[in-house]
1. Give the residues of the stretch 221-248 that are in contact (Cβ under 8 Å) with a residue 60 or more places away in the chain and surrounded by 18 or more Cβ atoms within 10 Å (Cβ to Cβ), sorted by residue number.
2. State all residues of the stretch 164-207 that are outside any loop (DSSP other than H, G, I, E, B), of a type in the set (S, T, N, Q) and within 21 Å of residue 558 (Cβ to Cβ); if no residue qualifies, say none.
3. So the check is Cβ under 7 Å with 6+ separation or different chains; which pairs have a first residue in the stretch 33-56 that's over 20 Å from residue 137 (Cβ atoms) and a second one that's at pLDDT below 50?
4. Go through the stretch 372-388 and give me each residue that's out of contact with any Pro (no Cβ under 8 Å at 6 or more places or on another chain) and either within 16 Å of residue 479 (Cβ to Cβ) or surrounded by 23 or more Cβ atoms within 10 Å (Cβ to Cβ) (or both).
5. Among the candidates 470, 483, which residue alone is among the β-branched types (Val, Ile, Thr) and over 24 Å from residue 265 (Cβ atoms)?
6. Take the residues of the stretch 479-512 that are part of a strand (DSSP E or B) and aromatic (Phe, Trp, Tyr): which is farthest from the chain's Cα centre (by Cα)?
7. Just the residues that are closer than 24 Å to residue 354 by Cα and in a loop (DSSP other than H, G, I, E, B), please, taken from the stretch 208-262.
8. Scanning the stretch 426-465 for residues that are surrounded by 24 or more Cβ atoms within 10 Å (Cβ to Cβ), within 25 Å of residue 592 (Cβ to Cβ) and not small (Gly, Ala, Ser), which turns out modelled with the lowest pLDDT?
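The values are calculated or read from the model by the stated rules, or taken from the named source; none is laboratory data. Values in this document were obtained by computation on a predicted structure and should not be read as measured data. Note that we place each Cβ from the backbone using ideal geometry, even for glycine, and neighbour counts take in every protein chain shown.
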Amino acid sequence: MKELRFILNFVFLPLLIISQEAEKSVVQYVPCSGFAISKPVSELPRAKQSDTIKERSEINIKKKLPVQLNGSAQSEIDPVVQSGMGNKIATAPIVNFPGLPGTSTASRPDPSGAAGPAHYVQAVNFEYNVYDKTGVSLGGPYYLSSIWTGNSGAGDPIVLYDKYADRWLIHQVEVTNWDGMAVAISTSSNPLGTYYTYTFVPEPGDMPDFGKFSIWPDGYYCTMNYYSGKKEMIVMDRAKMLTGNPTAGMIKINFPLLPSTWFFSPLPADADGQLPPYGTPCPIFYYEDDTWTTGGADQLRIYKFTTDWTSPSNSTLVLDQILPTSPINVNFDPGYEDIPQPFTTKKLFSWGVTLSYRAQYRRWAGYNSVVLDHAVIVDSTTKQVGIRWYELRQNTSTNVWSIYQEGTYAPDLHSRWMPSLSMDDNGSIGMAYAISSSSVYPSLAYTGRNAGDPPGQMTYSETIAIAGTTSHNNYNFGDYSHTSLDPDGTTFWHTGEYISGGRKTRIFSWQIPNFAGINEVNVKPELLVFQNENNLNIKAIKLPNDLETQVDLFDVLGKEIAGKKIIPSNNSFETSFNISGIAKGTYLIRIGNEKFQKVIKATIN
């Protein structure tokens with residue numbers, strides 16, 4: 001966390017080695033402590049560079065690094081390293097423009113952002129801005145705290161576009177008493193309009209740090225770190241917040257014991273594509289190294305949070321599965337200096353002790369997928385840093401998760417870190433990250449792969465989105481970056497930090513071409529939905545295949561209204577749903593099979 005006028009010192013509890021069953025989860029319901037409707041963003045005061053520099057006194061909090069508790073040997077060379085560049089040619093950035101700046105050498109921006117149908121919204125510590133999708137600023141930047149009445153923010157922003165409800169979510173830490181969470185939900189699809197603003201105080205007197213949000217049918221989920229060392233899972237009442245109900249509350253549960261009491265950042269699954277059915281437990285992901293506990297292992301832990309808004313005390317958070325991974329080495333430098341830079345001995349912190357934001361979740365025919373990544377030490381001798389990434393799959397018949405593929409991206413001798421990745425409607429993965437070495441200034445780059453490529457390999461050549469031009473003067477590069485998927489289902493958007501005469505952020509987008517067999521065809525399915533009295537007609541063309549396709553109609557909470565299976569002919573089909581008796585409003589149509597999926601909104605009048 002950031003922006004106090006002194007350095008906070010953590011007090012960490014001794015490491016507890018205790019069984020999963022030994023700790024009883026405590027469930028609490030917390031009503032919101034403040035609600036209002038903001039002014040239109042377009043009427044809020046513009047942020048001035050001189051003002052923001054003045055108010056940003058950095059609080060350099062060093063997250064406590066893991067302690068090695070056993071003598072397990074770490075792999076000299078990562079066993080699943082990809083040591084060569086992919087040979088497919090990645091597309092150049094579609095748009096590539098400056099984001100909001102970091103203001104001083106001490107203040108990290110922590111950029112987060114998302115694309116909607118017509119806008120891109122980015123937030124950094126203390127500011128946010130709204131752009132059109134060509135990169136033109138639409139009036140800002142604005143003070144992040146100005147959305148909430150009487151709010152004094154401490155940053156750690158997260159921006160999400162809830163495409164199922166066509167709304168925007170913006171979060172930051174609220175510091176009037178240094179113990180609040182400020183969450184704003186747009187009242188319409190317009191990010192420059194008004195917002196329903198909520199304030200929650202989950203732990204009075206204890207600051208919530210590094211919150212990581214996700215969208216799920218029955219709530220906005222968030223993992224939360226506290227200065228005291230407490231670890232909690234939080235879910236906010238999405239249905240009420242979307243309608244501006246001032247009685248919206250949150251359910252919070254202390255995390256079942258993790259392997260450590262140091263800095264912790266599990267990630268809740270963030271739905272893309274089709275929403276899971278309402279009531280589906282939200283999976284939560286966490287990784288651990290074999291040296292962190294006595295008798296430990298390199299593995300992924302998967303928890304599941306089941307929410308009960310009718311009887312909140314019945315909500316549960318339990319360990320669901322443990323998945324062994326290929327060996328990893330994440331014993332980073334105790335002085336927080338891991339990433340080399342040109343012409344300086346000062347190195348940058350890798351942030352390899354946490355999973356990187358976000359855990360994108362997608363539903364496919366027969367399975368669900370999640371993609372994850374984090375920094376690792378590729379070579380124990382040179383200390384080169386690379387990116388370990390995973391695609392997990394959950395069998396929808398058994399609900400059992402497995403690691404479908406994993407790889408470590410380190411195609412040359414440069415270090416790569418601060419990653420964020422997503423999967424598009426064709427199953428292709430796009431990953432963006434920071435890159436630096438003794439010969440490359442801290443820059444931003446991206447790569448990717450197609451669904452049918454060899455497992456564990458990023459098959460596209462690396463593209464530098466923006467090259468850095470100077471080195472940074474302390475270890476504190478930043479906390480996270482953010483890759484999101486455009487509502488079109490095929491365009492990746494990334495915002496991250498690089499160094500060029502000081503801290504800078506960038507916003508760029510790109511696509512992964514879809515390769516169909518030996519014929520390299522960029523397939524873009526088109527879906528037309530229109531109402532004809534009591535029928536909702538659906539026409540799909542330019543489908544990538546004629547495999548049996550599932551067609552679903554569901555509401556913005558993920559509740560299925562109707563569904564059927566269709567076998568396309570000549571890569572197209574037409575069908576309809578009877579909608580007599582269905583309330584007016586916004587719904588979603590999803591079509592898909594094991595090879596692709598597409599979701600669009602439908603308005604029923």
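1. Here is the first cut: in the stretch 221-248, the residues in contact (Cβ under 8 Å) with a residue 60 or more places away in the chain are 221, 223, 227-229, 233, 235, 237-239, 242, 244, 246-248.
Scanning the stretch 221-248 gives 221, 223, 227, 233, 235, 237, 238, 242, 248.
2. Our first condition is that a residue be outside any loop (DSSP other than H, G, I, E, B); within the stretch 164-207, this holds for 167-174, 180-186, 195-200.
Add one more test, that the residue is of a type in the set (S, T, N, Q), and what stays is 172, 186, 197, 199.
Across the stretch 164-207, the qualifying residue is only 186.
3. Short answer, once both residue conditions are applied: 56/3; 56/103; 56/104.
4. Taking the stretch 372-388 as the starting set, the residues that turn out to be out of contact with any Pro (no Cβ under 8 Å at 6 or more places or on another chain) are 372, 376-386, 388.
Those that are out of contact with any Pro (no Cβ under 8 Å at 6 or more places or on another chain) and either within 16 Å of residue 479 (Cβ to Cβ) or surrounded by 23 or more Cβ atoms within 10 Å (Cβ to Cβ) (or both): 372, 376, 377, 378, 384, 385, 386, 388.
5. Numbers: 483 fails: over 24 Å from residue 265 (Cβ atoms).
Every option except 470 fails the conditions.
6. If we filter the stretch 479-512 for residues that are part of a strand (DSSP E or B), which is where we start, we get 482-485, 491-499, 503-511.
Now drop any that are not aromatic (Phe, Trp, Tyr), which leaves 492-493, 498, 508, 510.
Working: 492: 13, 493: 12, 498: 19, 508: 16, 510: 17 Å.
Checked the stretch 479-512; the qualifying residue farthest from the chain's Cα centre (by Cα) is 498.
7. Listed by number, the residues that qualify are 227, 228, 229, 230, 255, 256, 257, 258, 259, 260, 261, 262.
8. 426
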